[in-house]
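The values are calculated or read from the model by the stated rules, or taken from the named source; none is laboratory data. Remember, it's a predicted structure, so these values are computed and weren't measured experimentally. Note: ideal-geometry Cβ built from the backbone for every residue, glycine included; neighbour counts use all protein chains shown. Areas reflect the complete protein model, heavy atoms only, side chains present, ligands, DNA and RNA absent. Shrake-Rupley method; radii C 1.70, N 1.55, O 1.52, S 1.80 Å.
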Amino acid sequence: MNTYETLIVEKQETWAEITVNRPEVLNAINLQVVKDLSAALDALAGDEDVRGLILKGAGDKAFVAGADIGELVKRTREDALLAINAGAFQKIEDFPWPTIAVIKGYALGGGCELSLACDIRLGAPSAQMGQPEVGLGIIPGAGAPHRLTRQVGPGMARELIYTGKIIDAEEALRIGLLNHVHPEDEVLEAAREMMRTISKKSPGAVRVAKLALNAAVNTVDRRSQYIEILGQGLLFDAEDQKSRMTRFLERKKKREQK
Ligand code: COA
């Protein structure tokens, strides 16, 4: 098995498990996570022993609390146009086998989008989900405008994205953002049990079913992706984004000085 700086990748019975491993920053996604994720997905997609993927975050406090704001604040329009997060998340959606996100604690911003790129989301009661990006002067540019919309419907997606509010597990379940909620210490096992159930079915049929399901929901998504990427590029040029993100980082410094 390859080793990665920011991920733990383990092979289980018939599937692999990827843990985003930066608990000191609530598993925030930096460039290294994106690179590692992309390399791990390429390796696992070509691995004959792997017929499914479970994604989770290290520790109990977060699945992934978003893109790393310390890195985002330095990002330019050109960086944004590279759409690196969107590219890695697309690889998850296109992963040949079923994918399940196991969500404990925060799944915010890019973390919520990462979970939306998975086929299925299982949560613990501690799950807190949302798209707070507009508060930072940017948009969720790695899939939420199209994936959240198709998951929870346009009205709920608009409410979540415009207000940036964070919802708890019960509300996420109610609007269909989570498939199920399981007790904290049982949610991972529930995902594994689902993988076992899937693994008893015909692998060829499951794989083709995933292609058919992706085709069914992806009719307009590529067009939406281009708008997300271009829009994000424009926003990364604006002063508002820099000052809002700096405010988040300064809050950290102020707390340290106390
Ligand atoms: N990027 C970089 N660092 C992050 C982060 C992110 N998205 N989310 C959390 N962290 C860091 C914090 O800065 C803190 O680091 P420190 O210990 O060096 O100060 C550490 O993770 C723990 O987070 P903290 O804010 O102390 O925990 P909390 O329980 O008080 O608050 C959140 C948790 C999730 C509400 C808060 O961290 C937050 O709002 N994070 C940003 C969420 C966000 O806007 N994501 C979208 C980005 S596009």
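If you take all other residues with their beta carbon under 14 Å from the beta carbon of residue 192, and give Lys and Arg +1 and Asp and Glu -1, the sum is -2. Quick one: in region 1-107, what % of C-alpha pairs are over 18 Å apart? Percentage above 18 Å: 47. Working value for region 77-163: equivalent-ellipsoid semi-axes of 19, 18, 12 Å, each the square root of 5 times a Cα gyration tensor eigenvalue, largest first. Annotation for residue 202 and residue 179: the two label points, set 7 Å from Cα along the Cα-Cβ direction, are 2.1 nm apart. Secondary structure note: in region 7-203, about 30% of the DSSP beta bridges are antiparallel.
How far is helix 203-217 tilted off the main Cα axis of the chain, in degrees rounded to 10, range 0 to 90? Roughly 40 degrees between the two axes.
With the alpha-carbon atoms of region 35-90 aligned to their principal axes, the span from lowest to highest coordinate is 40, 29, 14 Å, starting with the largest. Between 0 and 90 degrees, the angle of helix 221-235 with respect to the longest Cα principal axis of the chain falls at about 20 degrees. Seen from all directions on average, the chain presents a Cα convex hull projection of 13.5 nm².
Given +1 at the Cβ of Lys and Arg, -1 at the Cβ of Asp and Glu and no other charges, the dipole of the chain around its Cα centre is 520 debye to the nearest 20. What the Kirkwood sum gives for region 112-258 is a hydrodynamic radius of 17.5 Å, with every pair of different alpha carbons counted. Using C-alpha pairs below 8 Å separated by at least 6 residues, the relative contact order for region 146-190 is 28 percent.
For residue 51, what accessible area in Å² do you get when you roll a 1.4 Å probe over the heavy atoms of the protein chains, rounding to the nearest 10? My reading of the accessible area for residue 51 is about 70 Å².
Remark: relative contact order (region 7-203) = 19 percent; criterion is Cα-Cα distance under 8 angstrom and separation of 6 or more residues.
With K and R counted +1 and D and E -1, the other residues having a Cβ less than 11 Å from that of residue 209 yield a net charge of +2.
Could you state the angle between the C-alpha long axis of helix 31-45 and the longest principal axis of the C-alpha atoms of the chain, as a value from 0 to 90 degrees rounded to the nearest 10? Helix 31-45 and the main axis of the chain meet at about 10 degrees.
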